[in-house]
Structure formats: C-alpha cells, structure tokens
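Asks: Just passing along the structure, written as structure tokens.
The values are calculated or read from the model by the stated rules, or taken from the named source; none is laboratory data. None of the values given here were measured: they were computed from a predicted structure. Glycine also receives a Cβ, built like all others from the backbone with ideal geometry; neighbour counts cover every protein chain displayed.
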Ligand SMILES: Nc1ncnc2c1ncn2[C@@H]1O[C@H](COP(=O)(O)OP(=O)(O)OP(=O)(O)O)[C@@H](O)[C@H]1O
Ligand SMILES: [Mg+2]
C-alpha cells in the first residue's frame, strides 16, 4: 500500500491538516512542536490500529470533541479513523469497526530517536520494542501476547484481593501455556535476526565487528509443566508481593558486541549502526514473511546520524515508501 494523502482534523495541534505524499520519500519539515511526529502517529493509528505513544484522549485536540484521520492510498482505497471522546471507529472500505481488522493492518517500520538508546534502555523498553516487532511479523505472537498480558493482569488483581489459593490455578494454567509459547517464539525470532545481524551491521559500519542478541529468560529451558510448577511454588511469595514474580514478563534481550555486552563496550556510533541494522532486518523479515513492503516512518532520526549512516538508511529503504520528519532540511 502506498499512501497518497493524509488529512487530519483536530488531531493534537492540527486543526485542519493535509499532506500529499510522494510514492518514494516524503519529508515533513518544521520546527519543534509544529506537529511532525503527530502526522506519523496518525499514519500509525490507521495502519496498526493504535498510537505508539498515547491513548486517544491525549491525542484529541484540546477544546474539541472529535478527531478524524483520513488516509487515501494510491490504489484509490480510503481509510478513516474517528474518535468522539469515548470511542474510536474505523471506516475501512465503507465498513465500520471498533478495532482495525487484522486483514486491514499494514506493516510499518517506525524509527524513533529513542530507539537509538535501545541497547542501554530498561529491559521493559526492550521487551516492548521486540513485542511490537514480533507482533507485526506473526499474528500468532500477537494473540499469545495479548492473552498472556490479560491473564497476568487478572492474576495480579486476584493476588491483591481476598482469595482462596485454589482460585489462582486457572490463571497459572493460562500463564504457563501462553508464556511457553511466547518464549519459544521469541527465541526463534532472535535466532532469525542473529542470522543476518553481523552481516547487516558490517554493511553499514564497513568493518569486521561481530554483533549478536542474546535472548535471556528464566523460563528458557522450561516445559509448560515446569512453568506451572514454578508458579505454584512461588504462590506464597507472590501473595505477599501482590504480583507475579516469575515469568516471561521478566525476559530481556542482551546485545553483544564482539562477544562482550554492548552496553558499555560499543561506542555511540557503533550503537547507532547496530540499531540501523536492526531496522533493516525488521523490514526484511516483514517482506520475507508477509510479502509486503512496510511503510517506513523516520521520526527525526536524521539529526542523530552522520552522513554515511543517513545515506545507508535512504539506500536501504529506496524501494519502500518513506516518510521522514526533521527540524532541519536534510539533503540526500
Ligand atoms: N491533545 C492535544 N491538543 C493540542 N495540542 C497538543 C495535544 N497533544 C500535544 N499537543 C501539542 O502538539 C504539538 C505537536 O506535537 P508533536 O510531538 O507532533 O511535535 P513535533 O513537531 O514532532 O515536535 P518535535 O520537533 O519537538 O519532536 C506540540 O506542541 C504538543 O504540545
Ligand atoms: Mg517530534
């Protein structure tokens, strides 16, 4: 899908906004706070179903009572999302839905300036990053994740209330089932990324360094019944803590640079090249698995990259539709 134009009404600071997109690279240029990231956010909502940074009430332009996003594609299709202060509605090919249907989602590679700090960020940021990554690649992953998160939330609420120990069992079963599935899928996806990571990194950095991601999980060698047993063993502890202390919600992804922990050993430039490589692989895996060319949204990342890396970024995504935001004119 190639975006032809975007129309926004009451979306953050935009009262009425219109952008005609190019089929290859479009640049949204403007000073801080003029609403550049908001345009990418609107595209993300209509392609992925929800914002990458906020809930709808925060997005609705202050003092107004509805927002509207309209995207027209080159093939003539038009998709609309509206929010009336309470509910969001998608109008896709003249059909109204509350959620963006799976078949109408379109893959996006989003590159935010904060992604450049992924290696030194908290484990929860890294989990969130890879959850979004893998959810786009595989609907099965997405479903397992949603079910795991729901069961975890309910178990934690249960632990805080008056309850009988036996009543927690049904949540344990669900957590063990979805937790094991997630762990296996995470391990496989990281293996797939690792197959390409060093070569892709070298094509950017032009050297012989080695890069790898280590998936670390306390459940890695567990079977579903080991997982279940561990949840039962931890019950007393969890009851006192009021939350679930064991499971895949503690997983992490450790970046290794020449077999050493990258956080602290890789330089700033090397770290940027690793993240760039990760973005390239994300687009490649989307194409391999879904046979779709993702739309690439680059939010203000050019100012963070040197000339060589900028050129590399543009070259790698030359067959994708790319939308770039920037405060200063980028010459490519
Ligand atoms: N709900 C809202 N109603 C009105 N204005 C809002 C709302 N939410 C955010 N804003 C404002 O909208 C503006 C646009 O935000 P956005 O993040 O899109 O800017 P930006 O151009 O990407 O800025 P920067 O270059 O600093 O990243 C900001 O000034 C922000 O304070
Ligand atoms: Mg911005």
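Asks: Which residue out of 80, 69, 28, 45 is away from ligand 1 (no atom under 16 Å from the Cβ) and either within 29 Å of residue 275 (Cα to Cα) or under 24 Å from the mean Cα position of the chain (by Cα) (or both)?
Replies: On the way: 69 fails: away from ligand 1 (no atom under 16 Å from the Cβ); 28 fails: away from ligand 1 (no atom under 16 Å from the Cβ); 45 fails: away from ligand 1 (no atom under 16 Å from the Cβ).
Answer to the selection: 80.
Asks: From 249, 243, which residue is within 30 Å of residue 157 (Cα to Cα) and not in a helix (DSSP H, G or I)?
Replies: The match here is 243.
Asks: Given (1) surrounded by fewer than 13 Cβ atoms within 10 Å (Cβ to Cβ); (2) more than 23 Å from the chain's Cα centre (by Cα), identify the lone condition not met by residue 268.
Replies: The number of the failed condition is (2).
Asks: Separate question: If I filter segment 31-41 down to residues being within 6 Å of ligand 1 (Cβ to nearest atom) and not in a loop (DSSP other than H, G, I, E, B), which single residue comes out as farthest from the chain's Cα centre (by Cα)?
Replies: 36
Asks: I'm trying to understand the selection: among the residues of segment 1-34, which are buried (at least 18 other Cβ atoms within 10 Å of the Cβ), within 24 Å of residue 314 (Cα to Cα) and within 13 Å of ligand 2 (Cβ to nearest atom)?
Replies: Passing the criteria: only 28.
Asks: Is at least one residue of segment 300-314 at pLDDT 95 or above, more than 16 Å from ligand 1 (Cβ to nearest atom) and either crowded, with 19+ Cβ neighbours inside 10 Å or assigned to a loop (DSSP other than H, G, I, E, B) (or both)?
Replies: no
Asks: Same structure again: Might you let me know whether segment 54-61 holds any residue that is within 8 Å of ligand 1 (Cβ to nearest atom), out of contact with any helix residue (DSSP H, G or I) (no Cβ under 6 Å at 6 or more places or on another chain) and without any contact (Cβ under 8 Å) to a residue 12 or more places away in the chain?
Replies: Yes: segment 54-61 contains one or more residues that are within 8 Å of ligand 1 (Cβ to nearest atom), out of contact with any helix residue (DSSP H, G or I) (no Cβ under 6 Å at 6 or more places or on another chain) and without any contact (Cβ under 8 Å) to a residue 12 or more places away in the chain.
Asks: Looking at 254, 290, 297, 285, can you tell me which residue is within 16 Å of ligand 2 (Cβ to nearest atom), modelled with pLDDT of 95 or more and under 19 Å from the mean Cα position of the chain (by Cα)? Talk me through it step by step, then tell me what you get.
Replies: Values: 254 fails: within 16 Å of ligand 2 (Cβ to nearest atom); 290 fails: within 16 Å of ligand 2 (Cβ to nearest atom); 285 fails: within 16 Å of ligand 2 (Cβ to nearest atom).
So the residue among 254, 290, 297, 285 that is within 16 Å of ligand 2 (Cβ to nearest atom), modelled with pLDDT of 95 or more and under 19 Å from the mean Cα position of the chain (by Cα) is 297.
Asks: Sort out which residues of segment 163-210 are crowded, with 17+ Cβ neighbours inside 10 Å and in contact with a strand residue (DSSP E or B) (Cβ under 7 Å, 6 or more places away or on another chain), and write them in order of number.
Replies: 186, 190, 193, 197, 201
Asks: Could you tell me how many of the residues in segment 211-240 are in contact (Cβ under 8 Å) with a residue 40 or more places away in the chain and not in a loop (DSSP other than H, G, I, E, B)?
Replies: So the count comes out to 13.
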